[in-house]
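This report concerns only the one structure given below.
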Ligand code: SF4
Ligand code: SF4
């Protein structure tokens, strides 16, 4: 039989052909059950920041779930416009909190993104960039610290001021550069445990994070001091790595699972009362390792055990603040919730309660405290224009409070809000809640520190 290579016939949809040929990763009974929990009531719509901005049903949770259902049933292909609407979701999970039917939107959007990634054929340059950022950089603390050190030189040498004054960078790079916080000149070694101060009450392990450790190390240092002040010996398990949330956020599930295994091994090698983390996004991910590795026979039980030990710093301190701070921090503060702390971990009251324990501090609530700031993992880097609109609304809300300090509970929010106050000219300082607690413990009015105070 003669074979020949012919041009595709006019009007034939080759993308649709591929869609029909390959198995549909969303066509599972579990995904359909998740999707079918939605009863289309629309009560989640007012909570959704992207619905607020774009005003379109397909950029609201109900519309996105309808798209996911259509994709799972094979009525639409897993390429654009499906991809566009799913990618524009912040995955902030505010809709999950608002939903009276208990729809697990976080799981839905995560599965949809993994399915999109399985079908996508990214170009060579994108594959290389992803490999570099997600695999060669984020899981390597030393490399991230080296990058932070180089950027510290860029700041300390005055080059940053010059670059900003002359407006030298293209728009996308300008956003990335604007996210840089004032960087530390050096990073702590974390090569031995930090001792408890005063009465010893237990032993905890600290999850250092990746961006948190390299770019916001003063937050980790403050966390250690506050834990020490409350009687905890703080350990830093050496094999720990990035939590994998950024990987899962862009659909790289295999990488996320590998990082989860490394963290499980690192932390289960010691005996700790709790595994403490201070970044809402990382904490939500660490608490979900049990589910992420549920089908891995070698890790399912270990991952569940690990996740059960994970506690957000505010959650832990609210229950273990043995020595309330005595020093005064007389500032007007507003608190910006981390979406993953609020909507995924349901830690809402504890950061507020801790702030109220600080003498002299005045806490003023935002009008829309449940609104995302636009950081959302790597959303602000991948969709800078949309993130800018979300951020603008958040900064306007902060401005109304007249706060001098913006307190956050997640690395991404801290960077994004730092960029926001600078971009929109708001005279406010952006810090983590534990940095304010630490400030109160170290204030001269706090009295003499206990023996061994760092
Ligand atoms: S996760 Fe956030 S942005 Fe996405 S649909 Fe829900 S509320 Fe909207
Ligand atoms: S996700 Fe929940 S709140 Fe939103 S439309 Fe569906 S059932 Fe209603």
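Determine, for 201, 141, the number of other Cβ atoms within 10 Å of each Cβ, and report the residues in order from fewest to most.
Fewest-to-most ranking of 201, 141: 201, 141.
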Likely footprinting exposure, 253, 73, 30, fewest C-beta neighbours within 10 Å first: 30, 73, 253
q = 0.09, 0.10, 0.11 Å⁻¹, the chain: log10 I(q)/I(0) [Debye, one scatterer per Cα]: -0.61, -0.76, -0.91
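Counting each pair of different Cα atoms once, what's the Kirkwood radius of segment 176-299 in Å, rounded to one decimal?
The answer is 15.5 Å.
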Anisotropy class of segment 293-349 from Cα gyration tensor, a/c 1.5 cut: oblate
Cα gyration tensor category, rounded, prolate or oblate, for segment 124-178 with a/c compared to 1.5: oblate
Cα-based equivalent ellipsoid of segment 239-378: semi-axis lengths in Å, sorted from largest, via gyration tensor: 31, 19, 11
0 to 90° range, to nearest 10: angle between helix 217-229 axis and the chain longest Cα axis: 50 degrees
5 Å binning of all Cα-Cα separations within segment 325-446, expressed as whole percents from 0 upward: 2, 12, 23, 24, 19, 12, 6, 2, 1, 0
Relative exposure of 39, 276, judged by other C-beta atoms within 10 Å (fewest first): 39, 276
Interatomic Cα distance distribution for segment 350-410, bins of 10 angstrom, percent: 20, 46, 27, 7, 0
Linear extension gain, residue 258 paired with residue 150, 0.36 nm per residue minus alpha-carbon span: 36.0 nm
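Every read-out reported here was derived from the displayed coordinates using simple, explicitly stated rules and does not represent laboratory data. None of these values were measured; they are calculated from a predicted model. Neighbour counts are summed over all protein chains in view; Cβ atoms, including those assigned to glycine, are modelled from backbone coordinates with ideal geometry.
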